[in-house]
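*Asks:* Below is a structure I'd like to ask you about.
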Amino acid sequence: EHQAAIPDAYVQIDEEYMVAVMTPIAPTGAAATDVCDIYRLSADKPQLIYKGATFGEDYVDPYPTIGEHGGHRFVTRTAEGDYITEDNTFAWFDDAKTLEADYNLIEFGDGRVELRYNIDLSSDWQKDFKQTTYLGGSVQGDWNKAVTRSANITAAVVAADDPELIESMRRLAAYPGICHIRTKDGSSFAADVQVSETYAQNTAHKIANFALKITRVDQQTLEGMTLAEWEELHEE
């Protein structure tokens with residue numbers, strides 16, 4: 001007898017830590033058993049980052065999207081798993097607050113790389129597809145739902161001007177775990193990052209050239225967390 005209703009939310013972007021702090025607000029008539037699922041919006045499909053959030057509590061997205069394609073979607077879900085309103089519409093609210101940054105971000109463990117200039121970025125999507133040819137000339141295709149995304153980033157750094165970036169890139173090169181990529185074109189995803197480095201010397205500068213091979217992976221757990229959990233992780 002009880003159906004979901006459209007929620008509201010208060011969202012604040014923390015430019016210092018580059019995270020989003022979010023408070024889902026219960027709709028009028030919400031039941032005590034209603035919860036909120038939170039999705040990150042980006043240039044790719046919406047990504048679930050927290051399932052079953054409590055209305056009125058604070059949550060953190062540690063990797064909000066950069067630019068106009070970013071934001072968050074808040075979906076009311078009843079105890080029966082219903083997210084459709086009595087008017088037969090989706091019980092969700094989209095907030096368009098987004099991180100404003102004029103550079104690409106790579107985060108790994110407790111490290112961060114900010115790629116601000118002399119950057120080239122390319123992306124490639126590979127569908128899991130198998131072609132079968134039958135006698136008689138019929139050609140059919142089978143598609144797995146999985147789609148592999150890879151990207152390449154190149155960056156040139158003047159060694160004398162930005163030694164901290166070079167140090168961060170070398171730490172990234174040796175990091176054996178999931179990284180997180182946020183690009184200026186509106187993507188935010190977990191990935192493996194392979195780094196290679198070459199040096200070029202001219203008459204005035206020593207240039208470090210970095211090439212990054214990026215392969216998207218699925219996160220092992222949902223990326224969102226409560227504000228209390230995030231503060232505990234960042235205690236000094």
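*Asks:* Given the Cα-Cα distance of THR33 and GLU197 and 0.36 nm per residue of separation, how much length would full extension add, in nm? Spell out each step's value before the answer.
*Replies:* Numbers: separation 164, 0.36 × 164 = 59.04 nm, distance 5.35 nm.
Stretched out fully, the THR33 to GLU197 stretch lengthens by 53.7 nm.
*Asks:* In addition: Could you sort the peptides 41-47, 133-139, 18-24, 195-201 by per-residue average Cβ neighbour count (10 Å cutoff), highest mean leading? Kindly include the intermediate steps, with their values, before the conclusion.
*Replies:* Working: 41-47: 17.1, 133-139: 7.0, 18-24: 22.0, 195-201: 11.4.
Result, highest mean first: 18-24, 41-47, 195-201, 133-139.
*Asks:* Let me ask something else about it. Which length gain, in nm to one decimal place, applies between GLU57 and HIS2 when the Cα-Cα distance is subtracted from 0.36 nm times their residue separation?
*Replies:* Details: separation 55, 0.36 × 55 = 19.80 nm, distance 2.26 nm.
Residue separation times 0.36 nm, minus the Cα-Cα distance, leaves 17.5 nm.
*Asks:* Sticking with this structure for a sec: If you project the alpha carbons of region 114-236 onto the principal axes, what extent comes out on each, in Å, largest first?
*Replies:* That gives 67, 50, 26 Å along the principal axes, largest extent first.
*Asks:* Could you compute the FRET efficiency for HIS234 and ALA96, with r as their C-beta to C-beta distance and R0 at 30 Å, rounded to 0.05? Intermediate values should be presented prior to the final figure.
*Replies:* On the way: r = 26 Å, r/R0 = 0.87.
The value I calculate is 0.70.
*Asks:* Another question, if that's okay. Quick one: give the max-minus-min coordinate of the C-alpha atoms of region 15-81 along each principal axis, largest first, in Å.
*Replies:* Computed over region 15-81, the largest-to-smallest principal extents equal 35, 25, 17 Å.
*Asks:* While we're on this one: Please report, in whole Å³, the volume per residue of the convex hull around the C-alpha atoms of region 38-138.
*Replies:* Convex hull volume per residue, Cα atoms: 242 Å³.
*Asks:* Shifting gears a bit: For region 40-99, what's the relative contact order in percent, using C-alpha pairs closer than 8 Å and at least 6 residues apart? Don't skip to the end; give the middle numbers.
*Replies:* Values: 73 pairs, mean separation 21.2, N = 60.
With pairs under 8 Å counted, the relative contact order is 35 percent.
*Asks:* Once you charge only the Cβ atoms, +1 for Lys and Arg and -1 for Asp and Glu, what is the size of the charge dipole of the chain about its Cα centre, to the nearest 20 debye? Working shown, then result.
*Replies:* Numbers: 19 positive and 41 negative charges, 280 e Å.
Taking the Cα centre of the chain as origin, the dipole is about 1340 debye.
*Asks:* Taking Cα atoms, how many degrees apart are the long axis of helix 163-173 and the longest axis of the chain, rounded to 10 and kept between 0 and 90?
*Replies:* In the chain, helix 163-173 runs at an angle near 70 degrees to the longest axis.
*Asks:* Next question. Where nothing but the Cβ of Lys and Arg (+1) and of Asp and Glu (-1) is charged, how large is the charge dipole of region 153-203 around its Cα centre, in debye to the nearest 20? Each step should come with its number before you reach the end.
*Replies:* Numbers: 4 positive and 7 negative charges, 32 e Å.
That gives a dipole near 160 debye.
*Asks:* Continuing with the same structure: Of VAL60, TYR17, THR215, whose Cα points farthest to the positive end of the dipole of the chain (charges on the beta-carbon: +1 Lys, Arg; -1 Asp, Glu; origin at the Cα centre)?
*Replies:* Working it through, the farthest residue towards the positive pole turns out to be THR215.
*Asks:* Now for a different question. Return, for the Cα atoms of region 60-192, the radius of gyration and Dmax in Å, separated by a comma.
*Replies:* Radius of gyration, then largest Cα-Cα span, for region 60-192: 20.9, 66 Å.
*Asks:* Counting only residues 5 or more places away or on other chains, whose amide H sits under 5 Å from the amide H of ILE49 once H atoms are built in the peptide plane?
*Replies:* For ILE49, whose amide H was placed from the backbone, the distant partners under 5 Å are ILE38, TYR39, ARG40.
*Asks:* Expressed as a fraction of 2.2 N^0.38 Å, the rule-of-thumb size for a compact globular protein of N residues, what is the C-alpha radius of gyration of the chain? All intermediate terms of the calculation are to be shown ahead of the outcome.
*Replies:* Numbers: Rg = 21.6 Å, N = 236, 2.2 N^0.38 = 17.5 Å.
Cα Rg divided by the expected 2.2 N^0.38 Å: 1.23.
*Asks:* Multiply the residue separation of LEU227 and ASP161 by 0.36 nm, subtract the distance between their alpha-carbon atoms, and state the gained length in nm to one decimal. Don't skip to the end; give the middle numbers.
*Replies:* Numbers: separation 66, 0.36 × 66 = 23.76 nm, distance 3.67 nm.
My answer for the length gained is 20.1 nm.
*Asks:* Given charges of +1 on the Cβ of Lys and Arg and -1 on the Cβ of Asp and Glu, with all other atoms neutral, how large is the dipole of region 100-176 about its Cα centre, in debye to the nearest 20? Display every interim value, and only then the final one.
*Replies:* Numbers: 8 positive and 13 negative charges, 118 e Å.
That gives a dipole near 560 debye.
None of the figures in this text is laboratory data; all of them are computed from the coordinates on show. The structure presented is a predicted model; accordingly, all values stated were derived computationally and were not measured. Glycine also receives a Cβ, built like all others from the backbone with ideal geometry; neighbour counts cover every protein chain displayed.
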